[in-house]
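The values are calculated or read from the model by the stated rules, or taken from the named source; none is laboratory data. A quick note: this is a predicted structure, and the numbers were derived from the prediction, not measured. Cβ coordinates were reconstructed from backbone atoms using ideal geometry, including for glycine residues, and neighbour counts include every protein chain displayed.
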Amino acid sequence: MIKNILAKFKPQPKRVEPNCAAPDYTDVIGGFWGNKIDWLKFDHASSDYRIVGWKPFDQRLSVGDVILAEGQQTWMWFVIEEIEYCRDPRDMFSASLRIMHQEVKPFEFPADAGTHVAGTRAA
């Protein structure tokens, strides 16, 4: 029970923004109902990247737009090569992407790194 309580107060890693020298982006993977982009296929081996999403009409994406995807260790920028909007629902689309740029996130040691000694238990 004490472990569960302490886990709630564990310091969370701080969010690091991408390098300013990286390309600008028009949209990001994620979102919420009615304004969302999700992965349909993400395959590094065959360089096959596809997304599906829903965008309001005033924010529609087109060929050449850039998408930012944040992973656990990297940021990746993709450019839209093909996009197809559906008839119903009209705000839904699918698109194929090409990777444009990838940047590794800086590594930060956790705040409590080095405070634990092997073979000891916390009281």
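Odds and ends about this structure:
- Evaluation of R50 against the conditions (1) assigned to a loop (DSSP other than H, G, I, E, B); (2) surrounded by fewer than 18 Cβ atoms within 10 Å (Cβ to Cβ); (3) touching a residue at least 24 places away in the same chain (Cβ under 8 Å) shows that the sole unmet condition is (1).
- Selection status of T74, modelled with pLDDT under 90, out of contact with any Asp or Glu (no Cβ under 8 Å at 6 or more places or on another chain) and more than 23 Å from W33 (Cα to Cα): no
- Considering residues of the range 88-123 that are surrounded by 10 or more Cβ atoms within 10 Å (Cβ to Cβ), hydrophobic (A, V, I, L, M, F, W, C) and more than 16 Å from A69 (Cβ to Cβ) only, the residue modelled with the lowest pLDDT: A111
- Within the range 40-61, tally of residues that are modelled with pLDDT of 85 or more and closer than 19 Å to E103 by Cβ: 3
- Restricting attention to the range 53-65, the residues that are surrounded by 18 or more Cβ atoms within 10 Å (Cβ to Cβ) and of a type in the set (A, V, I, L, M, F, W, C) add up to 2.
- Residue among L40, L68 that alone is buried (at least 17 other Cβ atoms within 10 Å of the Cβ), touching a strand residue (DSSP E or B) at 6+ places or on another chain (Cβ under 9 Å) and either touching a residue at least 60 places away in the same chain (Cβ under 8 Å) or aliphatic (A, V, I, L, M) (or both): L68
- Positions within the range 65-85 being within 11 Å of R50 (Cβ to Cβ) and touching a Lys or Arg at 6+ places or on another chain (Cβ under 6 Å), in sequence order: E81
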